[in-house]
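Written out below as structure tokens is the structure these notes cover.
The values are calculated or read from the model by the stated rules, or taken from the named source; none is laboratory data. Source: prediction; values computed, not measured. Cβ placement follows ideal geometry from the backbone for every residue including glycine, while neighbour counts extend to all protein chains displayed. When the accessible area is computed, the model is the full protein with side chains, heavy atoms only, and any ligands, DNA or RNA have been set aside. Shrake-Rupley method; radii C 1.70, N 1.55, O 1.52, S 1.80 Å.
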Amino acid sequence: MAPDDLRFPGACDCHVHIVGALSKFPQSARRSYTAGIAPLDSLRALAKPAGVSRFVIVQSSFYGTDNACLLETLSALGDDGRGVAMIDPAAVNADLLDQYARRRVCGLRVNLYSKSLARGSESTEDLLRGAIESVPRVGWHVEIIAQASTLFSAARVIGSSAIPIVIDHYGLPDNFVPQSAEGQKLLELVRLPHVWVKLSAPYRVGDDPLATKPPSDWLIALAHAAPGRCVWGSDWPHTPSSHDQKGAGCAVFYRKMEYSKLFREFVQALGDPTASERILVTNPARLYGFPSGSSENLH
């Protein structure tokens with residue numbers, strides 16, 4: 001592809017985390033490591049050369065249900081930002097969700113992946129069902145981060161959801177391939193008309209903890225299964241592998257990844273500017289309610 005084919009006005013990075021100073025935004029005492037500062041200005045500087053100007057801020061596990069950093073970031077982003085929050089089920093109410101919606105939060109995250117989060121005795125199905133039932137039906141979605149095997153255990157709840165369900169990181173398919181029985185189960189979920197998938201964090205899918213190229217088999221299979229419901233995300237600032245997380249008392253460096261390389265290799269792997277435009281611009285605008293057209297042209 002020519003360099004001009006790698007820029008898509010209005011492109012959205014649909015999965016990033018912003019981390020503030022510990023003195024202002026305390027991290028959970030149960031966290032599995034201490035995350036370093038990862039500010040919005042740094043993200044914007046890295047994303048600008050790739051033409052990425054919109055961002056979906058996803059609540060990190062180490063902040064638990066304290067969404068203060070996320071909300072401050074959304075205020076700074078204005079209409080170029082959307083948020084996916086984590087909320088204590090006991091605290092969810094219509095007034096709180098209205099407040100969050102006014103600040104451009106449109107998703108509720110269910111984290112079934114991070115070991116540092118306490119889940120009590122509720123089953124995966126009950127946790128997910130509770131999240132789905134707690135959020136408004138218009139303009140909201142529930143986002144799930146979980147290994148594919150965990151998604152399978154909640155397939156009935158996912159299938160019957162009245163609101164969109166967004167699956168993180170290619171569905172975290174462990175080591176199985178799309179052609180396998182497990183792979184077909186994942187693709188069946190993704191084919192459901194209300195299920196979306198984030199084509200994000202390739203280093204979480206295979207054995208290479210620093211992989212920047214998309215897993216080609218899953219990229220092709222998922223983009224074919226749900227062409228209008230795939231979105232891209234960088235997973236910046238690329239949190240460390242679980243085996244490097246040694247507890248709350250340990251600060252751990254992020255993975256050394258080049259943002260522009262992640263973006264470039266994703267577009268090149270797709271090999272189709274029309275598909276890239278759809279996944280980077282059109283699909284995110286529909287899911288997150290961004291204005292039509294390039295955000296660069298709206299400023």
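Answer yes or no: is there a residue in the stretch 199-206 that is over 22 Å from Ile37 (Cβ atoms), open to solvent by less than 50 Å² (accessible area, probe 1.4 Å) and at pLDDT 95 or above.
Checked against the condition, which is being over 22 Å from Ile37 (Cβ atoms), open to solvent by less than 50 Å² (accessible area, probe 1.4 Å) and at pLDDT 95 or above, the stretch 199-206 yields at least one hit.
Every residue in the stretch 136-187 that is open to solvent by 40 Å² or more (accessible area, probe 1.4 Å) and either on the phi > 0 side of the Ramachandran plot or of a type in the set (Lys, Arg) (or both), please.
Arg137, Gly139, Arg156, Asp174, Lys185
Just the residues that are of a type outside the set (D, E, K, R), open to solvent by 10 Å² or more (accessible area, probe 1.4 Å), more than 19 Å from Lys198 (Cβ to Cβ) and not in a helix (DSSP H, G or I), please, taken from the stretch 34-72.
Thr34, Gly36, Ile37, Pro39, Gly64, Thr65
Condition check: over 22 Å from Ile167 (Cβ atoms), among the hydroxyl-bearing types (Ser, Thr, Tyr) and free of Cβ contacts under 8 Å to residues at least 60 places away in the same chain. Does Ser75 satisfy that?
For Ser75, the condition - over 22 Å from Ile167 (Cβ atoms), among the hydroxyl-bearing types (Ser, Thr, Tyr) and free of Cβ contacts under 8 Å to residues at least 60 places away in the same chain - is met.
Looking at the stretch 65-98, which of the residues that are among the polar types (S, T, N, Q) and touching a strand residue (DSSP E or B) at 6+ places or on another chain (Cβ under 9 Å) is nearest to Ala146 (Cα to Cα)?
So the residue we want is Thr65.
Have a look at Asp88, Asp80, Asp95 and point out the one that is surrounded by fewer than 17 Cβ atoms within 10 Å (Cβ to Cβ), more than 17 Å from Val142 (Cα to Cα) and of a type outside the set (Lys, Arg).
Of Asp88, Asp80, Asp95, the one residue that is surrounded by fewer than 17 Cβ atoms within 10 Å (Cβ to Cβ), more than 17 Å from Val142 (Cα to Cα) and of a type outside the set (Lys, Arg) is Asp95.
When the stretch 262-273 is examined, which residues are found to be within 13 Å of Val52 (Cβ to Cβ) and not hydrophobic (A, V, I, L, M, F, W, C)? Spell out the reasoning first.
Looking only at the stretch 262-273, we keep the residues that are within 13 Å of Val52 (Cβ to Cβ), and these are 262-264, 266-267.
Arg264, the sole residue that qualifies.
If the Cβ limit is 9 Å and pairs must be 6+ apart or interchain, which residue in the stretch 201-213 that is among the polar types (S, T, N, Q) pairs with which residue that is open to solvent by 50 Å² or more (accessible area, probe 1.4 Å)?
Going by the 9 Å Cβ cut-off, the qualifying pairs are Thr212/Glu258; Thr212/Lys261; Thr212/Arg264.
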